[in-house]
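Colleague: A single structure is presented below for examination.
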Amino acid sequence: MAQLTANDRIEVDLGDRSYLVHIGPGVRNRLMAEISRIGARRAVVVTARPRDWLPDTGVPTLIVDIEDGEAGKTLAAVAELCQRFSEFGLTRQDVVVSCGGGTTTDLVGLAAALYHRGVPVIHLPTSLLAQVDASVGGKTAVNLPAGKNLAGAYWQPRAVLCDTEYLTTLPRREWTNGYGEIARCHFIGAGDLRGLPVHRQIAASVALKAAVVGQDERDTGRRHLLNYGHTLGHAVERATGYAWRHGECVAVGTVFAGELAHVLGRIDRTALEEHHAVVRDYGLPASLPPGLDHDVLISLMRADKKVTTGLTFVLGGALGPELVRDVPEAAVATALRLVEG
């Protein structure tokens, strides 16, 4: 990866829809300039954070307060936001701004994608997880009773402002939540980020995602690699009723991906042990929550949005990580036993 310094600007290269991700202390104060750059006349700011966290927009603004959390990621919540946009008179010449964690980014991004068939959106991610992953790449989604993130759209932001000053308020569990995404980056090309300052970890993770998204915006190939650890991770989230956070579940999913790849003969013992070591070094859980029914987890993994045939996972191998379809259920069951708590 390229050497990255304070207040980085990383481009997500998508031709005429390219944008910059700004990373560093105080970058939230670029919001007024970004709104001016795109020519927006008014703004709706949807925030899950205190209003005094919000920088000035420089234009007439409606502030809508919401709460972060998977329970709020619903089509009903999207409809409510779109109604608020309409009552304010928002048009395609205006802008929506999100301020919050990854669930806020997903929800607000989808509302912006659907309202008037797409209005500009700028993200101010305030959690580590949102800064390293959720705010970048244009994936927006909400949950359905049948599964996580099953209703969504691709809608790229006009800018992302990852202000590291926001992170100083995070409780310890939110740091752990974000480290789950950083840990899986170790196995998909980011290199070893352990021990680096958090700003460098964020920048390296964003640079990796930007490179992948620039090659495959809509998950037709290489972008699948970003789902390393996520197939089991999403299943664990559902099975625990979202009592376990996304990054915690992805961490267990990352260890599971190593165990499954080893069971299938795709990686050797050293590579498997590296999965355990990386997850452990970030202070993340490496085992399933106690009491989960493995048959339920397998059923949930069959409903994963990557699946077109059989059980499908992103797994390491001799040529690096790749999407592997039709994985035998017996191998999956064996790997699940190996990550039991």
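Colleague: Conditions: (1) part of a helix (DSSP H, G or I); (2) farther than 22 Å from LYS73 by Cα; (3) open to solvent by 60 Å² or more (accessible area, probe 1.4 Å). ALA257 meets all but one. Number of the miss?
Modeller: Single failed check for ALA257: (3).
Colleague: Spot the failing condition for VAL44; the list is (1) in contact with a Leu (Cβ under 9 Å, 6 or more places away or on another chain); (2) buried (at least 23 other Cβ atoms within 10 Å of the Cβ); (3) within 27 Å of LYS305 (Cα to Cα), and only one is missed.
Modeller: The one condition VAL44 does not meet is (3).
Colleague: Of all residues being in a strand (DSSP E or B) and at negative phi in region 321-341, which is least open to solvent (accessible area, probe 1.4 Å)? Just the residue, please.
Modeller: Among those that are in a strand (DSSP E or B) and at negative phi, it is VAL327.
Colleague: Please identify the pairs in which a residue from region 299-314 that is more than 22 Å from ALA251 (Cβ to Cβ) has its Cβ atom under 7 Å from the Cβ atom of a residue that is open to solvent by 40 Å² or more (accessible area, probe 1.4 Å), counting only partners at least 6 apart or on another chain.
Modeller: Listed pairs, sorted by first residue: THR309/ARG325; THR309/ASP326; GLY310/ARG325; GLY310/ASP326.
Colleague: Could you tell me whether any residue of region 179-189 is in contact (Cβ under 8 Å) with a residue 12 or more places away in the chain, crowded, with 24+ Cβ neighbours inside 10 Å, small (Gly, Ala, Ser) and not in a strand (DSSP E or B)?
Modeller: yes
Colleague: Ok, one more. I need a count of the residues in region 325-338 that are touching a Gly at 6+ places or on another chain (Cβ under 8 Å) and closer than 10 Å to LEU264 by Cβ.
Modeller: 1
Colleague: Before we move on, is ALA207 at pLDDT 95 or above, farther than 19 Å from HIS276 by Cα and part of a helix (DSSP H, G or I)?
Modeller: yes
Colleague: Where the second residue is open to solvent by less than 30 Å² (accessible area, probe 1.4 Å) and the first is basic (Lys, Arg) and lies in region 199-219, which pairs have Cβ atoms under 6 Å and are six or more apart or on separate chains?
Modeller: Correct list of pairs: LYS209/VAL136; LYS209/GLY137.
Colleague: Scan region 319-335 residue by residue and report those that are in contact with a helix residue (DSSP H, G or I) (Cβ under 7 Å, 6 or more places away or on another chain) and among the acidic types (Asp, Glu).
Modeller: If the condition is that a residue be in contact with a helix residue (DSSP H, G or I) (Cβ under 7 Å, 6 or more places away or on another chain) and among the acidic types (Asp, Glu), then GLU329 is the only one that fits.
Colleague: Is there a residue in region 262-274 that is open to solvent by 30 Å² or more (accessible area, probe 1.4 Å), among the polar types (S, T, N, Q) and either assigned to a loop (DSSP other than H, G, I, E, B) or farther than 25 Å from ALA151 by Cβ (or both)?
Modeller: Yes, because at least one residue in region 262-274 is open to solvent by 30 Å² or more (accessible area, probe 1.4 Å), among the polar types (S, T, N, Q) and either assigned to a loop (DSSP other than H, G, I, E, B) or farther than 25 Å from ALA151 by Cβ (or both).
Colleague: Take ALA71 and tell me if it is outside any loop (DSSP other than H, G, I, E, B), at pLDDT below 95 and either open to solvent by 50 Å² or more (accessible area, probe 1.4 Å) or over 26 Å from SER205 (Cβ atoms) (or both).
Modeller: Judged against the criteria, ALA71 is a match.
The values are calculated or read from the model by the stated rules, or taken from the named source; none is laboratory data. Since the model is a prediction, treat every value here as computed from it, not as a measurement. A quick note on method: Cβ atoms are made from the backbone with ideal geometry, for glycine too, and the neighbour counts reach across all protein chains shown. All accessible areas refer to the heavy atoms of the entire protein, side chains included, with ligands and DNA or RNA removed. Shrake-Rupley method; radii C 1.70, N 1.55, O 1.52, S 1.80 Å.
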